[in-house]
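Enquirer: Below you'll find the structure I mean.
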Amino acid sequence: MIVMKFGGTSVEDATAIDRIAGIVKGRLAKHPFVVVSAMSKVTDTLLSMAAAAGKGERDKALNLCHQVRERHFNTAGELLGTGLFTELHSELHSEFDSLEQLLRGISAVGELTPRTSDYVVSFGERLSSIIIAAAFVARDVPATLLDARQIIITDGQHGRAIPQVDEINHLLQLHAKPLIDGGRVPVMGGFIGSTREGITTTIGRGGSDFSAALAGAGLNAERIEIWTDVDGMKTTDPRICPNAHRIKVISFDEAAELAYFGAKVLHPATVLPAVEKNIPVLVLNSRNPENEGTRIVARTPQKSKSLFKAIAAKQRITIIEIVAARMLMAHGFLAAVFEIFERHRCAVDIVSTSEVSISVTVDSNEAIPAIAADLEKLAYVKFSGRQAIICLVGESIRERPGVAAQVFDAVKDINVRMISQGASEINMSFVVEETDVPAAIQRLHARFFSEVDPEVFD
Ligand code: ADP
Ligand code: ASP
Ligand code: MG
């Protein structure tokens, strides 16, 4: 069997859903399990309406909800014949009515908890999966809707809940396997899950890829297909460099580094469950299904003649400079500093130290005021926001001399704040101002990807 995951842009409207029904139909012989995202931008809109309700802005929240309702009804209407649409009509209305009621409740209290936020945001994938499963049936794809909350069991950390793999595997065998064996095509919303107690959770933005990888690992899939709106992973973000090349094959390690450092096309955690089982992941284009896309494999078969595989940028980074005035890097100082980040569950990306100071970069800006309050008890602290990490990835940099010189020569007129190489053998990163990202990436891309190895890129 295979897992096919369709991202927001691949299910953005009736035309897109009709297209993916055709793609799934063409693979019925492979016994697909389908994972779908919310329609594009819907997750963002749900988050905005939840935030508005949390501030007591009831009318704003209800207005946004109304727009989302219209969009889903229009899409369902276009996709389904009168009979099926009538069947679905009351189900969709009752989902939207309960969402509306919830928003009224949140507005009345004027408080949004992470638990309620997850519940609001879960409507995106719940609604898209209901409509898509029905559209598949109308197109002779024998789909059966699976509620992700009966399969993807997580812990209770709302917003980034951690999937409980053993339970998930058991539930996949119990609920999904018999459907697949019986010739059905399960359709499950990505990104959402539930605690053992039945409370709805979400597993982090972009998490539908993760759901797909969990399904693939739990069902021993032959491969996992991530369908998106570009021809696979590119040498850099095609919005910054339209001439970025398609990467034909990339290793799991390289893909994970790139995903972590902002190559939005793939969720970082995706690669984990798949790599453990050696399941190949393919990134494919639902608007251009004939293209071979990118194949992510455990190890790249051949060494690339090109130095790097790709360049990514992670934006909205803050540099925190911590100057140890009193403790002068005394024994235990680093531990005390990192304990603070740990306590606030804030991941640190790049670290550099001098005798009296530590600089770190973090990306969870909401946690910064609380972290600052704690750090200031230990040291002088300075923040610089609106920074970005530029990250170059490639297995070939391990044994090549002079890499750093070439990189920094390409961006010599751009101010570089922090540098990191060697933490991972295949990644080299540095920090620049956010506004310098396009220039830095375009220069690096021109320097390293003007002549590429045709075995790896096209
Ligand atoms: P989906 O809705 O399918 O999940 P995403 O928006 O999450 O799609 O990811 C696809 C987008 O990622 C592409 O449209 C592209 O603009 C962006 N992207 C950023 N970096 C890369 C890269 N290196 N290769 C391909 N796409 C990239
Ligand atoms: N809909 C969710 C998001 O936008 C999950 C996903 O699409 O992967 O983050
Ligand atoms: Mg995505």
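The values are calculated or read from the model by the stated rules, or taken from the named source; none is laboratory data. Small disclaimer: the values here were computed from a predicted structure and weren't measured. Here the Cβ positions follow ideal geometry from the backbone for every residue, glycine too, while neighbour counts run over all protein chains shown.
Enquirer: From the set of residues in segment 380-406 that are at pLDDT below 90 and touching a Phe, Trp or Tyr at 6+ places or on another chain (Cβ under 8 Å), which is nearest to THR235 (Cα to Cα)?
Expert: GLY394
Enquirer: Looking at ALA50 and the list (1) under 24 Å from the mean Cα position of the chain (by Cα); (2) more than 16 Å from ligand 1 (Cβ to nearest atom); (3) closer than 24 Å to LEU145 by Cβ, which single condition is not satisfied?
Expert: (3)
Enquirer: How many of the residues making up segment 217-230 are in contact with a Leu (Cβ under 8 Å, 6 or more places away or on another chain) and either within 13 Å of ligand 1 (Cβ to nearest atom) or closer than 19 Å to GLU395 by Cα (or both)?
Expert: 4
Enquirer: Among the listed residues ARG160, ARG139, identify the single one that is within 16 Å of ligand 2 (Cβ to nearest atom) and either touching a strand residue (DSSP E or B) at 6+ places or on another chain (Cβ under 8 Å) or within 17 Å of PHE85 (Cα to Cα) (or both).
Expert: ARG160
Enquirer: Further question on the same structure: Only one residue in ILE311, ILE317, ILE322 is assigned to a strand (DSSP E or B), buried (at least 21 other Cβ atoms within 10 Å of the Cβ) and more than 20 Å from the chain's Cα centre (by Cα), so which one is that?
Expert: Details: ILE311 fails: more than 20 Å from the chain's Cα centre (by Cα); ILE317 fails: more than 20 Å from the chain's Cα centre (by Cα).
ILE322 is the lone residue from the list that is assigned to a strand (DSSP E or B), buried (at least 21 other Cβ atoms within 10 Å of the Cβ) and more than 20 Å from the chain's Cα centre (by Cα).
Enquirer: Looking at ALA404, ALA439, ALA370, ALA379 in this structure, which one is hydrophobic (A, V, I, L, M, F, W, C), surrounded by fewer than 17 Cβ atoms within 10 Å (Cβ to Cβ) and touching a strand residue (DSSP E or B) at 6+ places or on another chain (Cβ under 8 Å)?
Expert: ALA404
Enquirer: From the list ILE389, ILE397, which residue is closer than 28 Å to PHE449 by Cα, within 24 Å of the chain's Cα centre (by Cα) and buried (at least 17 other Cβ atoms within 10 Å of the Cβ)?
Expert: ILE389
Enquirer: Of all the residues that make up segment 345-367, how many are surrounded by fewer than 20 Cβ atoms within 10 Å (Cβ to Cβ), of a type in the set (A, V, I, L, M, F, W, C), under 19 Å from the mean Cα position of the chain (by Cα) and in a strand (DSSP E or B)?
Expert: Looking only at that region, the number is 1.
Enquirer: State which residue pairs qualify: first residue more than 16 Å from GLN406 (Cβ to Cβ) and inside segment 430-443, second residue in a helix (DSSP H, G or I) in any location, beta carbons under 7 Å apart, and separation of 6 or more residues or different chains.
Expert: Correct list of pairs: VAL432/ALA440.
Enquirer: A follow-up question, please. Of the numbered conditions (1) buried (at least 24 other Cβ atoms within 10 Å of the Cβ); (2) more than 9 Å from ligand 1 (Cβ to nearest atom), MET233 fails exactly one; give the number of that condition.
Expert: All conditions are met except number (2).
Listed here are the residues, each with its yes/no results for (1) surrounded by 21 or more Cβ atoms within 10 Å (Cβ to Cβ); (2) over 15 Å from the mean Cα position of the chain (by Cα); (3) within 16 Å of ligand 2 (Cβ to nearest atom); (4) at pLDDT 90 or above.
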residue	(1), (2), (3), (4)
GLU254	yes, yes, no, no
ALA259	yes, no, yes, no
LYS264	no, no, yes, no
ASN278	no, yes, no, no
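Enquirer: A further question on this structure: For segment 383-421, name all the residues that are hydroxyl-bearing (Ser, Thr, Tyr) and within 13 Å of LEU307 (Cβ to Cβ). Before the answer, list the steps.
Expert: Going residue by residue through segment 383-421, those that are hydroxyl-bearing (Ser, Thr, Tyr) are 384, 396, 420.
Once the filter is applied, which keeps residues that are hydroxyl-bearing (Ser, Thr, Tyr) and within 13 Å of LEU307 (Cβ to Cβ), segment 383-421 yields only SER396.
Enquirer: Restricting attention to segment 1-15, and to residues there that are surrounded by 20 or more Cβ atoms within 10 Å (Cβ to Cβ) and part of a helix (DSSP H, G or I), which single residue is farthest from ligand 1 (Cβ to nearest atom)?
Expert: Per the stated criteria, the residue is VAL11.
Enquirer: Give me a count of the residues in segment 34-83 that are in contact (Cβ under 8 Å) with a residue 12 or more places away in the chain, within 16 Å of ligand 2 (Cβ to nearest atom) and not polar (S, T, N, Q).
Expert: Number satisfying all stated conditions: 16.
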